[in-house]
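Take a look at the structure set out below.
The values are calculated or read from the model by the stated rules, or taken from the named source; none is laboratory data. Small disclaimer: the values here were computed from a predicted structure and weren't measured. No Cβ is skipped: glycine too gets one built from the backbone with ideal geometry, and neighbour counts run over all protein chains shown. The area values use the complete protein model at the heavy-atom level, side chains included, leaving out ligands, DNA and RNA. Shrake-Rupley method; radii C 1.70, N 1.55, O 1.52, S 1.80 Å.
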Amino acid sequence: VDVFQAWCGPCKTVVDLFRKIRNEVGSDLLHFAVAEVDSIGALEKYRGKCEPVFLFYAGGELVAVVRGANAPLLQKTILEQL
């Protein structure tokens, strides 16, 4: 989940990375979503941050967090979690 604030917008540069990995591993294993923290109370602790935050969930549980648009770290985390 790409967590963002309305004034900053979702991290568009990472969408291509997710699309590439999803094509490689299959669409059933990887799902990408965006969530605006200003409209979701459960994400309140991420408000006021200017860097993107990526939350990784498996089985309904938070399993990893990556702060910042670090493409190599995001790719590594995605592949590890899959």
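Loop-located chymotrypsin sites (Phe, Trp or Tyr not before Pro) across the chain with a Cβ neighbour count of 13 or fewer within 10 Å are TRP7, with loop assigned by DSSP. Helix 71-81 and the long axis of the chain differ in direction by around 70°, with both axes built from C-alpha atoms.
Counting pairs on different chains as well as pairs 8 or more places apart, how many Lys pairs in segment 2-81 have Cα atoms under 19 Å apart?
4
For the chain, the solvent-accessible area works out to 63 Å² per residue, with a probe of 1.4 Å and every protein chain left in place. Here the accessible area is traced with a 1.4 Å probe on the protein chains. For the chain, carbon and sulfur cover 53 percent of it. Restricting attention to the chain, close to 75% of DSSP beta bridges with both partner residues there are antiparallel. All Cα-Cα distances of segment 2-81, cut into 10 Å bins from zero to the largest, leave 17, 53, 28, 2 percent in each bin in turn.
Restricting to DSSP loop positions (anything but H, G, I, E, B) with no more than 12 other Cβ atoms inside 10 Å of their own Cβ, which trypsin sites (Lys or Arg not before Pro) remain in segment 1-80? Taking segment 1-80 and a limit of 12 other Cβ atoms within 10 Å, the loop trypsin sites (Lys or Arg not before Pro) found are ARG47.
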